[in-house]
1. By counting other Cβ atoms within 10 Å of each Cβ, how are Val47, Val133 ranked from fewest to most?
2. Gap in Å between the Cα centre of segment 110-146 and the Cα centre of segment 41-68?
3. Would you mind calculating the gained length between Arg125 and Gln29 on full extension (0.36 nm times residue separation, minus the Cα-Cα distance), in nm to one decimal?
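What follows draws every value from the coordinates through simple rules; no lab data is involved. Remember, predicted model here, so these are calculated numbers, not experimental data. A quick note on method: Cβ atoms are made from the backbone with ideal geometry, for glycine too, and the neighbour counts reach across all protein chains shown.
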Amino acid sequence: MTLRLDLDGTVRDRVGAVDTSTLIPELDQHKRRLMKEAYRLGGIDPVTGELVRFRNARLQDCHVCQAFRDPNAREHGATEDKLAAVDDYEASDLPEDQKVALRFADAYLTSPAELTDELRASMRRDYTPVQIVELVLRLSATTSNRVLRTLGLDAD
């Protein structure tokens, strides 16, 4: 059986992923505590979190992640149209702060060199340090299986 760690620290079943907590349990425990604390201290809004998660799913072409919808984000307005906007977010009508989060996600996921001084300033303008940490933790949580897949250590 494989597991998925939700952002609230809940471990759930998920097909096709390795339970990384069995590899380094102490690190996993610290990561969960840090994520919970970042969220408690003033987490990013659920829609922005879902947009960033979905952008990552699209970039990785993860069919499981693309099919999942966060019910809390849906309740706060994460519609299918908003999620579809991540494919061409610069030309979309998404608010500027959400575009900044998506630019940050793209830089983090595809080209860290794109994390320019201008993007850093935009992140500091639109997000608190705790929210930035939460974004990084969200991205690292949803990309942790990429290395395992590359090494052939995933459940597939």
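1. Neighbour counts put them in this order, fewest first: Val133, Val47.
2. Using only Cα atoms to place each centre, the spacing works out to 13 Å.
3. On the way: separation 96, 0.36 × 96 = 34.56 nm, distance 3.09 nm.
My answer for the length gained is 31.5 nm.
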